[in-house]
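Right, one structure below, let's go through it.
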Amino acid sequence: MAPRKIIIDTDPGQDDAVAILLALASPEDIDLLGITAVAGNVPLPLTEKNARIVCELAGRPDVRVFAGCDAPLARKLVTAEHVHGKTGLDGPQLDAPTMPLQDQHAVDFIIETLRSEPAGTVTLVPVGPLTNIATAFQRAPDIIGRVQEIVLMGGAYFEVGNITPTAEFNIYVDPEAAKIVFGAGAPLVVMPLDVTHKALTTKPRIDAFRALGTKVGDMVAAWTDFFERFDMEKYGSEGAPLHDPCTIAYLVRPELFAGRLINVEIETGSDLTLGMTVADWWRITDRPKNALFMKDIDAAGFYALLADRLARL
Ligand code: BDR
Ligand code: CA
């Protein structure tokens, strides 16, 4: 089968970085058309820069990186330096990138790509707040029917929330954008905290990255060491969730994941539960099923895939 054409929409973020690396390490499965940066974990000037740093780390300065929206649709930006550090990619110091940022706005790139590629052949992989994708859908509704699939990291049901008691970070930062994307009607696969909190970076798993003996392996080990401190303290778990690469792993090995096709709505009205993904897991309502909402992951298989693929870079 031909590799799947994808656009990664991202706010790197150490786990975003690993998602980008996994995609670049999987050319037989994934054709990365471009990376679109959005404000999220840190402000836009850092996320677009971090995306380029990651491409250069992978030896791929040819990848096109676009800067997109610098603020959510209707709210002030909330960032997550407390998890990812001041730069968003804290850990070992990395050189400033020399590869260029593309002139085109990320939203225009998304619209143009979906219009120019054959309908149903481009998959969107958002792993940050959904501002760029929602803006593209609002500005060019004709592209929605051309999307092959949206495979995103965001939301939670059984795990409820990480940035508030009831909301996951990516959805919370721009709930209005999430509402547009979840309501758009494009095929949607969701990797919520219910999955990613089962994909923990244990010591043997980090050691396996370090044992690759490559710059990429060392960097991924150091990144996961860095952001793991925060989550281990918070959850008392043996490691931290590696959220965003679950999306790429799904495209490469969908059988690693299990979930249900259900209705998922986004809360935008309540202060208390703002950004909650109200997932009808038990199919209590007859609201239309709009998302394949994942719940389980073969974590050992996921980490084996990561180590195996990252060894190529
Ligand atoms: C999500 O929020 C970000 O901090 C991570 O990069 C991930 O995309 C997890 O809630
Ligand atoms: Ca992210």
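Determine whether THR285 is surrounded by fewer than 17 Cβ atoms within 10 Å (Cβ to Cβ), modelled with pLDDT of 95 or more and either polar (S, T, N, Q) or under 18 Å from the mean Cα position of the chain (by Cα) (or both).
Judged against the criteria, THR285 is a match.
Name the residues in segment 288-313 that are within 30 Å of LEU57 (Cα to Cα) and small (Gly, Ala, Ser), would you?
ALA299, ALA300, GLY301, ALA304, ALA307, ALA311
Take the residues in segment 33-43 that are within 16 Å of ligand 1 (Cβ to nearest atom) and over 26 Å from ARG229 (Cβ atoms), then tell me which one is surrounded by the fewest Cβ atoms within 10 Å (Cβ to Cβ).
Taking the candidates together, the pick is ILE35.
Kindly indicate whether any position in segment 129-143 is part of a helix (DSSP H, G or I), of a type in the set (Gly, Ala, Ser) and in contact with a Leu (Cβ under 7 Å, 6 or more places away or on another chain).
Within segment 129-143, one or more residues are part of a helix (DSSP H, G or I), of a type in the set (Gly, Ala, Ser) and in contact with a Leu (Cβ under 7 Å, 6 or more places away or on another chain).
Name the pairs whose Cβ atoms lie under 8 Å apart, with the first residue in segment 64-85 and away from ligand 2 (no atom under 14 Å from the Cβ), the second at pLDDT below 95, and 6 or more positions between them or separate chains?
Going by the 8 Å Cβ cut-off, the qualifying pairs are HIS82/PHE230.
Need pairs with beta-carbon distance below 9 Å; first residue within 19 Å of ALA311 (Cβ to Cβ) and in contact (Cβ under 8 Å) with a residue 24 or more places away in the chain and within segment 213-237, second crowded, with 21+ Cβ neighbours inside 10 Å and of a type in the set (Asp, Glu); sequence gap 6+ or separate chains.
Pairs found: TRP223/ASP15; THR224/ASP15.
Do we find a residue being within 16 Å of ligand 2 (Cβ to nearest atom), under 16 Å from ILE35 (Cα atoms) and touching a residue at least 60 places away in the same chain (Cβ under 8 Å) anywhere in segment 161-169?
no
Restricting to segment 168-224, name every residue that is β-branched (Val, Ile, Thr) and under 30 Å from ILE133 (Cα atoms).
The answer is ILE171, VAL173, ILE180, VAL181, VAL189, VAL190, VAL195, THR196, THR201, VAL216, VAL220, THR224.
Select from segment 195-249 the residues that are within 26 Å of GLY154 (Cβ to Cβ) and among the acidic types (Asp, Glu) and write down the one among them that is farthest from ligand 2 (Cβ to nearest atom).
In this case the residue turns out to be GLU238.
Step by step: first the residues of segment 1-32, then only those that are free of Cβ contacts under 8 Å to residues at least 40 places away in the same chain and in a strand (DSSP E or B), then the one that is surrounded by the fewest Cβ atoms within 10 Å (Cβ to Cβ). Which residue is that?
ASP31
Of all residues in segment 161-197, how many are within 14 Å of ligand 1 (Cβ to nearest atom) and among the basic types (Lys, Arg)?
Number of matching residues: 0.
Applying the selection to segment 203-244, what residues are part of a strand (DSSP E or B) and either out of contact with any Ser or Thr (no Cβ under 8 Å at 6 or more places or on another chain) or away from ligand 1 (no atom under 16 Å from the Cβ) (or both)?
If the condition is that a residue be part of a strand (DSSP E or B) and either out of contact with any Ser or Thr (no Cβ under 8 Å at 6 or more places or on another chain) or away from ligand 1 (no atom under 16 Å from the Cβ) (or both), then no residue fits.
THR98 - would you say it is of a type in the set (S, T, N, Q), surrounded by 18 or more Cβ atoms within 10 Å (Cβ to Cβ) and under 23 Å from ARG60 (Cα atoms)?
So THR98 fails the test.
To keep it simple, each residue is scored yes or no on (1) more than 17 Å from the chain's Cα centre (by Cα); (2) within 16 Å of ligand 1 (Cβ to nearest atom).
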| site | (1), (2) |
| --- | --- |
| GLN14 | no, yes |
| ASP31 | no, no |
| GLY88 | no, yes |
| LEU94 | yes, no |
| ASP108 | yes, no |
| ARG115 | yes, no |
| THR123 | no, no |
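Answer with yes or no whether LEU73 is under 18 Å from PRO92 (Cβ atoms) and either part of a loop (DSSP other than H, G, I, E, B) or within 15 Å of ligand 1 (Cβ to nearest atom) (or both).
So LEU73 fails the test.
Filter segment 259-282 down to residues that are farther than 16 Å from GLY154 by Cβ and without any contact (Cβ under 8 Å) to a residue 24 or more places away in the chain and give me whichever is nearest to the chain's Cα centre (by Cα).
Per the criteria, the residue is ASP280.
Could you tell me whether ARG312 is in contact (Cβ under 8 Å) with a residue 60 or more places away in the chain and not in a helix (DSSP H, G or I)?
Taking the combined requirement at face value, the residue satisfies it.
The values are calculated or read from the model by the stated rules, or taken from the named source; none is laboratory data. Worth saying up front: this structure is predicted, and the values here are computed from it rather than measured. We place every Cβ from the backbone using ideal geometry, glycine too, and count neighbours over all the protein chains shown.
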